[in-house]
Each structure stands twice: as structure tokens, then as C-alpha cells.
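My questions all concern the structure below.
Read-outs: derived from the displayed coordinates by stated rules, not from any lab. Treat the numbers as computed from the prediction; the structure is a model and nothing was measured. All Cβ positions, even for glycine, are placed from backbone atoms using ideal geometry, and neighbour counts span all protein chains on display.
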Amino acid sequence: MRSSSLLLFFFVGVSGVHGGSDFRICAFNLHNFGDSKSKKTDVMQILVKVITRCDVCLLQEVRDSKGKALPELLKQIKRYDTRYEYQAVASERLGRTDSYQEQYVFVYRADTAVLTGQYQYPDALPGDVDAFSREPFVVRFKALKTAIKEFVLIPQHTTPTNATKELDALYDVLLHVKKKWKTQNVMLLGDFNADCGYLAKKNRKHVRLITDTELVWLIPEDMDTTVRSSTSCSYDHIVVYGATFNRAILPSSARAFDFQKEYGLTEEQALDVSDHYPVEVLLRVVNSRAFGAAASMAFTLQYITFVSSMVLGHLLLHI
């Protein structure tokens with residue numbers, strides 16, 4: 001009977017060992033998100049599901065001129081997922097003309113990420129006072145459960161016709177932010193328009209964001225980040241600077257999230273949500289699944305050894 005109790009304790013102990021979930025960073029071009037799209041119930045349901053998968057989610061093409069669409073999205077996010085506290089920080093409206101402006105918006109879970117800094121990058125690079133159509137809105141987060149404790153995110157939605165120039169200019173933003181915040185942990189992400197007709201292969205050698213070997217492009221060049229079946233372009237990317245930050249990335253976790261397939265949508269339904277798939281990557285956490293699995297294995301071996309010795313001792317007593 002004592003052996004049975006020990007075995008029961010063993011199984012209870014094993015079942016109680018769990019690893020924490022990974023930390024997910026996402027970038028999603030919402031394709032003209034404003035008042036009209038926010039009134040489409042089916043579209044908002046999908047957006048909410050996608051965004052709440054992420055600990056930090058960069059939203060692009062937020063064209064909320066009336067200032068109602070973003071608050072509605074946040075309200076629905078909080079209503080959908082009551083387990084966590086979601087917060088958001090948004091840039092000013094950015095664009096060269098009054099007729100077309102966008103915002104960068106970061107939605108994040110306050111229980112896993114704390115905003116420690118924000119900075120609207122000034123469009124005044126040496127020799128070029130108008131490098132970007134939408135200047136990066138840089139943010140810094142303290143991560144509460146990842147192996148890397150603090151990191152900076154530099155978002156960019158490039159103008160398709162000026163993608164090469166803006167991507168190269170992003171390198172200057174990287175240098176500026178590293179110096180300003182004295183950090184080596186930087187991630188650049190967003191709709192870079194870095195493929196097909198917008199970034200010719202012959203121009204790649206002129207983009208420092210590509211040629212600098214300390215920068216790692218996590219989304220493969222052949223990964224389609226577009227929804228339309230008639231296109232296959234790797235527009236959306238996640239780029240990491242520095243060996244320390246790169247080691248904090250869960251290997252092979254960077255990908256485009258096919259929400260059309262995940263939620264069983266037709267192409268037409270998916271295009272109502274966006275013509276881009278979000279891209280995402282996972283950061284290792286202190287108590288990651290890998291750590292949990294290793295701990296479970298060690299725990300199991302220890303208990304097998306322990307219980308075996310007790311059972312053997314019990315048998316010897318009755319010989």
C-alpha cells in the first residue's frame with residue numbers, strides 16, 4: 001500500500017510540472033483600418049483573435065481619422081480576453097499629405113510586457129530631411145518573463161515606391177536608437193515591402209539593413225506574407241540586431257500566421273480582414289516549454305529511481 005501511495009505521489013508530481021508559454025511578438029498590417037472596418041463584426045472578431053495571440057503586437061495602416069476605430073478594437077480585445085490586461089500606445093498620425101495618414105500602434109499584455117520608453121523618430125537624417133513617409137515610432141519594453149529582460153522595437157511601414165531608400169534609412173534609425181537608449185537589443189519589424197517589384201535584387205547591396213552581418217532577417221525570403229493566392233511576396237519582416245537578442249529567439253519560430261487557414265476563411269473573407277498575414281516570432285522565456293520538458297524528464301527519472309528503490313526495499317523485507 002505504501003508503494004501505491006508513492007506511485008500516486010509520483011504521478012501527481014509529474015503532472016504538476018509545467019513550462020510557461022513563450023513570448024510572442026507580432027507585426028500586422030491591418031490594411032486601411034478605420035471606422036468602416038471597425039463596424040464589420042466578422043472582421044473585428046478575426047482581428048481580436050489574431051492580436052490576442054501576441055504579447056506585443058505592432059499594428060500598421062491604422063487610418064483612424066475619426067478616432068473611434070482604435071478604441072473600439074481595444075474594447076473588443078478586452079471583452080474577448082478577460083484573463084489579461086491589454087494596453088496600447090500609438091504614434092501621432094503620420095504621412096506627407098493630409099489626405100493619407102497612418103498610425104503605428106502597439107497593443108501589449110501588461111502582465112508580460114511593461115512599456116518603459118517611447119520615441120517618435122524625427123525625420124531629419126543628415127543630407128535628407130524627408131527619408132520616410134511614416135517615421136518610425138520607437139518603443140522600449142521590459143519583458144517580465146523572457147530570457148532577455150528589455151528590448152527596443154523599431155516599426156516601419158515603407159512606401160512601396162520608396163522601399164529601398166527607406167529600408168536603408170532604417171539603419172540610421174538603428175544607430176541613433178542604440179546610442180540614445182544605450183542598448184544592443186533591437187528588433188525592426190513591419191511591412192517593409194521588401195520583395196517582388198518594390199525591392200529589386202540588384203538594390204539589396206545598397207541597403208545596409210541587409211548587408212550588415214550583425215542583423216538577422218528572421219522571416220525567410222521565400223515566405224509569402226500576402227493573403228491573395230495570385231501573389232507570393234515576402235513583404236513583412238522581422239529583423240534582429242545583436243547576438244544576445246538573436247540567442248533569445250526560439251529557433252525556427254519566425255513565420256507568417258495564416259489566419260485564413262487557421263480560422264477556416266475563404267480568400268474573400270480573409271481579404272476583408274487584411275491583404276497581409278501577420279508575421280511573428282517567439283522569445284524564450286525563463287520557464288519555457290523546453291525548460292519545462294527537461295524538468296519533467298529529470299523529475300520523472302528521479303522518481304523512478306526513488307520508487308524503484310522503495311519497492312525493492314519492500315520486497316527484501318518480505319524475503
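Evaluate Rg over Rh across region 99-190, taking Cα atoms for both radii and Kirkwood's formula for Rh.
Using Cα coordinates only, the ratio equals 0.99.
Would you be so kind as to identify which of S234, Q260, S274 lies farthest towards the positive end of the dipole of region 217-280, taking Lys and Arg as +1 and Asp and Glu as -1 on Cβ and the Cα centre as origin?
So the residue furthest toward the plus end is S234.
Something else about it: If you rank M44, M223 by fewest surrounding Cβ atoms within 10 Å, what's the result?
Lowest to highest Cβ neighbour count: M223, M44.
I need V114, V285 ordered by Cβ neighbour count within 10 Å, fewest first.
Going from sparsest to densest Cβ surroundings: V114, V285.
Most exposed first by the Cβ proxy, i.e. fewest other Cβ within 10 Å, how do L250, L282 rank?
The fewest-first ordering by Cβ neighbours comes to L250, L282.
Per the Debye formula with a single identical scatterer at each Cα and no solvent contribution, what log10 I(q)/I(0) holds for region 22-286 at q = 0.08, 0.12, 0.14, 0.15 Å⁻¹?
These q points yield log10 I(q)/I(0) values of -0.29, -0.68, -0.96, -1.12.
Okay, moving on. Along region 227-238, what does the Karplus equation 6.51 cos²θ - 1.76 cosθ + 1.60 (θ = phi - 60°) give for ³J(HN,Hα), rounded to whole Hz, x for Gly and Pro?
Here the 3J(HN,Hα) series is 7, 4, 5, 7, 10, 8, 9, 9, 7, 9, 9, 10 Hz.
Suppose we keep just the alpha-carbon trace of region 202-288; what are its Rg and Dmax in angstrom?
15.3, 44
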